[in-house]
Amino acid sequence: MDLLNQIVPIFGNAAFAIVAFVVALSVIVTVHEYGHYIVGRWSGIHAEVFSLGFGPRLFSWVDKHGTRWQVAALPLGGYVKFLGDANAASVGAEDVAPEIDPRRTMLGAPLWARTATVAAGPFFNFILAILVFAGSAMVQGQAVEPLTYSDAKPLPPSYENNLEYGDILIAIEGVKFDDPTRTVGMIDLLPDEKQLDYTIVRDGEEMIVNGPFPMPSMVGQVTPRSAADEAGLIKDDVITAIDGSPVFSFKQLQERVIIAAGTPVTLDLWNAGATREVTLTARRTDTPKAEGGFETRYLIGVTGEFFFEPLTQNISPWAALKYGANGVWLSTTTTLSAIKHMFLGNISTCSLSGPVGIAETSASMARKGAHSFIWLIGALSAAVGLMNLLPIPVLDGGHLVLYAYEAVARRKPNDKAIKVFMFIGLAFILTMIPFTILNDTVLCP
């Protein structure tokens with residue numbers, strides 16, 4: 001991502017956001033449209049054009065199958081135009097020469113071939129997301145069992161840490177690390193003190209040593225476009241005080257933010273020996289609950305993490321794929337729940353991001369490095385896959401609904417009815433675009 005970051009001093013943050021957005025969108029659209037293309041080809045449907053972007057053609061080439069591959073001037077999407085399609089949305093039909101086999105056209109192909117071709121776009125987006133999340137898991141690895149201390153992250157000198165590499169962590173103040181997957185839950189059981197007793201096994205001998213509160217007031221990740229992001233907080237910043245009052249645990253940080261209830265707070269920060277001060281205001285945010293639904297909380301947009309790095313081991317490709325699939329499932333169900341609650345009026349439409357918000361998020365993640373940016377591409381790919389499955393005419397989901405009707409009624413829907421539905425769907429999409437832009441820039445900046 002060095003190339004992206006070099007753009008900032010030359011053209012500014014706006015150009016950086018645009019470039020990051022276009023790069024992410026281009027990858028996602030290419031994968032989506034390739035799904036349509038390749039499954040269509042396998043199904044016997046000929047693709048005339050595969051276009052990355054819209055508008056005037058910048059350059060192109062024709063492959064041995066007779067498909068024109070092109071890059072167009074407006075890099076805000078893409079399409080595959082199949083033989084016989086009147087337009088890129090596969091709506092309507094144009095006159096096809098008598099010598100052309102109708103079976104090779106989208107509208108003349110069997111129902112199964114059309115269904116598979118349309119469904120392949122979102123399916124490929126989900127596959128990309130699974131592979132990205134799986135790759136992330138393989139890069140990061142998983143903590144060995146039993147939980148073993150590897151190294152500490154930088155903390156202010158006032159924190160005492162007597163843990164050493166290879167120490168097996170048994171308990172903190174008597175609260176056991178009985179399951180590494182639930183170590184975050186044990187935080188609530190610990191006394192609210194800056195230094196705690198760690199029970200460890202070192203060189204085969206059990207002993208007690210002193211160490212910091214396991215989840216100090218340290219920034220693990222910064223949420224893009226959050227108050228913390230705009231105030232310039234970065235990973236590994238340690239918040240030493242809020243409005244002059246010392247804090248040492250992430251629990252305390254959360255409590256102080258809740259008490260502030262959306263009023264400005266001043267944070268004293270420490271990072272690698274340097275100190276600074278920032279003032280920010282927490283924002284009301286709708287967050288998903290573990291048991292389902294959403295709750296509204298005041299958040300500054302940071303996540304906590306343990307002050308130490310656990311010893312890790314490589315994760316198998318199969319386990320990584322399971323992790324990736326679970327990540328896509330969680331992302332999908334959370335998004336569907338958010339859409340439901342937005343329509344019911346239970347949560348704010350500020351949870352909905354448009355092109356501006358996605359561009360800003362892309363830029364923020366790109367600045368954090370290649371790993372974060374690639375992870376975002378995976379997350380956006382899952383979102384695009386889900387969005388395209390919504391039963392809205394013009395989108396893939398709308399086509400699939402029509403195909404479902406055809407399968408049940410054993411006849412194609414009326415052409416006039418299809419055009420009306422497509423017009424309604426297009427009107428809805430064109431209405432949502434300016435709304436989301438307004439949402440990003442004015443209603444929920």
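The values are calculated or read from the model by the stated rules, or taken from the named source; none is laboratory data. None of these values were measured; they are calculated from a predicted model. Note: ideal-geometry Cβ built from the backbone for every residue, glycine included; neighbour counts use all protein chains shown. Areas reflect the complete protein model, heavy atoms only, side chains present, ligands, DNA and RNA absent. Shrake-Rupley method; radii C 1.70, N 1.55, O 1.52, S 1.80 Å.
Computed values, structure above
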{"read-out": "Simple label model, 7 Å out from Cα along Cβ direction - R104 to K340, nm", "value": "4.7 nm"}
{"read-out": "Computed E for S245/V144 - FRET, C-beta separation, R0 35 angstrom, nearest 0.05", "value": "0.35"}
{"read-out": "Built amide H within the under 5 Å cut-off of A241, gap 5+", "value": "V247, D268"}
{"read-out": "Approximate spin-label separation Q221-D236, in nm, with each point projected 7 Å along Cα-to-Cβ", "value": "1.8 nm"}
{"read-out": "Cα-based convex hull, the chain, per residue volume (Å³, whole number)", "value": "180 Å³"}
{"read-out": "Relative packing of peptides 100-110, 222-232 - highest average C-beta neighbours within 10 Å first", "value": "222-232, 100-110"}
{"read-out": "Shape category assigned to the range 176-267 from the gyration tensor of Cα positions, a/c cut at 1.5", "value": "prolate"}
{"read-out": "Cα-centred dipole magnitude for the range 287-445, charges only on beta-carbon of K, R (+1) and D, E (-1), debye, nearest 20", "value": "520 debye"}
{"read-out": "Average Cα contact separation per residue, the chain, under 8 Å, 6 or more apart, as relative contact order %", "value": "17 percent"}
{"read-out": "Residues whose placed amide H lies under 5 Å from that of L196, excluding near-sequence neighbours", "value": "G211, F213"}
{"read-out": "Förster radius 25 Å - calculated FRET efficiency between L131 and A427, Cβ distance, rounded to 0.05", "value": "0.10"}
{"read-out": "Heavy atoms of Y298: accessible area, 1.4 Å probe, square angstrom to 10", "value": "70 Å²"}
{"read-out": "FRET efficiency, 1/(1 + (r/R0)^6) with R0 60 Å, evaluated for A261 and W61 via beta carbons", "value": "0.50"}
{"read-out": "Stokes-Einstein translational diffusion, the range 154-228 - Kirkwood Rh over all Cα pairs, 1.567 mPa s, 4 °C, in µm²/s", "value": "93 µm²/s"}
{"read-out": "In order through the range 186-198: 3J(HN,Hα) via Karplus (6.51 cos²θ - 1.76 cosθ + 1.60), integer Hz, x for Gly, Pro", "value": "6, 4, 5, 8, 8, x, 7, 10, 5, 10, 9, 8, 9"}
{"read-out": "Karplus 3J(HN,Hα) series, Hz, for the range 130-139 with 6.51 cos²θ - 1.76 cosθ + 1.60 (x for Gly, Pro)", "value": "4, 5, 5, 5, 5, x, 4, 5, 5, 5"}
{"read-out": "For peptides 234-240, 273-279, sequence by mean Cβ density within 10 Å, most packed first", "value": "234-240, 273-279"}
{"read-out": "Per residue Cα convex hull volume in Å³ - calculated over the range 297-417", "value": "191 Å³"}
{"read-out": "Segment W329-N161, extension gain: residue separation times 0.36 nm, minus the distance between their alpha carbons", "value": "56.6 nm"}
{"read-out": "Net +/- balance of residues flanking R276 in space, Cβ distance below 10 Å, scoring K and R +1, D and E -1", "value": "-3"}
{"read-out": "Cα centroid of the range 375-445 to Cα centroid of the range 128-146, whole Å", "value": "32 Å"}
{"read-out": "Packing-based ranking, highest mean first, of 124-132, 50-58 given that Cβ atoms within 10 Å are counted", "value": "124-132, 50-58"}
{"read-out": "Net charge dipole size for the range 247-348 [Lys, Arg +1 and Asp, Glu -1 on Cβ; Debye, nearest 20]", "value": "240 debye"}
{"read-out": "With Cα atoms, 0 to 90° folded angle of helix 415-438 axis to the chain main axis", "value": "30 degrees"}
{"read-out": "W112 accessible area, 1.4 Å probe, all protein chains in place, Å² to nearest 10", "value": "150 Å²"}
{"read-out": "Partners for K153 among lysines (Cα-Cα distance below 20 Å; same-chain residues under 8 apart left out)", "value": "K194, K235, K251, K368"}
{"read-out": "Environment charge of D440, counting only residues whose C-beta is closer than 12 Å and scoring Lys/Arg +1, Asp/Glu -1", "value": "0"}
{"read-out": "Residue-by-residue Karplus 3J(HN,Hα) for the range 68-76, coefficients 6.51, -1.76, 1.60, Hz, glycine and proline x", "value": "8, 9, 9, 10, 9, 6, 9, x, 10"}
